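**Student:** Okay, here's the structure, questions in a sec.
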């Protein structure tokens, strides 16, 4: 961008100097000529391209060796002493009180209920069945036959002549003239006709007559009849009833009881007590030690590289001076670049 700007500035300055010089020369050489000056006209001749070396940067993974502080544990054996409590058994004689169960007989008074039976006279009521004759009314029915006249309807069959119309189908010949030949011919056609038919029909005619029938009539007859019934009669009587009652009596009986008796005896028991003892042992102690360790890691770096590129460096401007007319009609041209 800076190159394009400088190129354009140089071109403009050169054109301006050339135009000024040309005007002065015309003024000097023309003498009496009147020149209005040279006004340059510029035109763009197009950009110019140039091959330039350009430095670019790209990312690249590089293996790099670094120093790292690592802590590790170093084992070490050391001796130490500790105190332990050791149980020790010792036989000791002691007086012990124990209890023994002893059985003995003891007289125990108690009150018991004894059943006693007494004969007691009581008056009770009993019921006795006594037979008794009574008269009760008894109704019987007598059957009598009575003649009675009733109306009875009967049906008689009476023959009767009935005439009715019956459709009869018969075939007749009908003359027919052929329109083409003029000949007469006969065709058969069916004709239905009603003809009277007489038949005998039997009808049932009801006839009412008076007849005598025998009817059985039941007549009730009441009479007194003796019957024997059983009647419950209460009877009072005195009886002897055994009655049981409970009587309290004082009795003494023997029973075995268990009694605990104290017994003093000397026994030997093992008594445990603890003794303090010092013991030595070896243990492993780990100490933390720092050391430098080299290891390889992947590091991303920007690596420069050079490439050739084509860039535009700017255009040149071409121009020419306008004609300067003098009083005699002569002029000059110039080209400023």
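The values are calculated or read from the model by the stated rules, or taken from the named source; none is laboratory data. Everything quoted here is computed from the prediction, not taken from an experiment. Using ideal geometry, Cβ is built from the backbone for each residue, glycine included, and neighbour counts are taken over all protein chains shown.
**Student:** Only one residue in 121, 104, 132 is surrounded by 10 or more Cβ atoms within 10 Å (Cβ to Cβ) and part of a strand (DSSP E or B). Which one?
**Tutor:** 132
**Student:** Another question, if that's okay. Among the listed residues 228, 187, which satisfies the condition of being at pLDDT 85 or above, loosely packed, with under 10 Cβ neighbours inside 10 Å and assigned to a strand (DSSP E or B)? So that I can check it myself, show each step before the final result.
**Tutor:** Values: 187 fails: at pLDDT 85 or above.
Matching residue, one of 228, 187: 228.
**Student:** A follow-up question, please. Among the listed residues 62, 69, identify the single one that is under 60 Å from the mean Cα position of the chain (by Cα), in a strand (DSSP E or B) and exposed (fewer than 10 other Cβ atoms within 10 Å of the Cβ).
**Tutor:** The conditions single out 69.
**Student:** Test each condition in (1) surrounded by 10 or more Cβ atoms within 10 Å (Cβ to Cβ); (2) modelled with pLDDT of 90 or more for residue 289 and report the one that comes out false.
**Tutor:** Of the numbered conditions (1) surrounded by 10 or more Cβ atoms within 10 Å (Cβ to Cβ); (2) modelled with pLDDT of 90 or more, the odd one out for residue 289 is (2).
**Student:** Considering only the stretch 34-59, state which residues are at pLDDT 85 or above and either under 60 Å from the mean Cα position of the chain (by Cα) or surrounded by fewer than 10 Cβ atoms within 10 Å (Cβ to Cβ) (or both).
**Tutor:** Within the stretch 34-59, 51, 53, 55, 58, 59 meet the criteria.
**Student:** A further question follows. Which one of 251, 165, 152, 195 is surrounded by 10 or more Cβ atoms within 10 Å (Cβ to Cβ) and without any contact (Cβ under 8 Å) to a residue 40 or more places away in the chain?
**Tutor:** The unique qualifying residue is 165.
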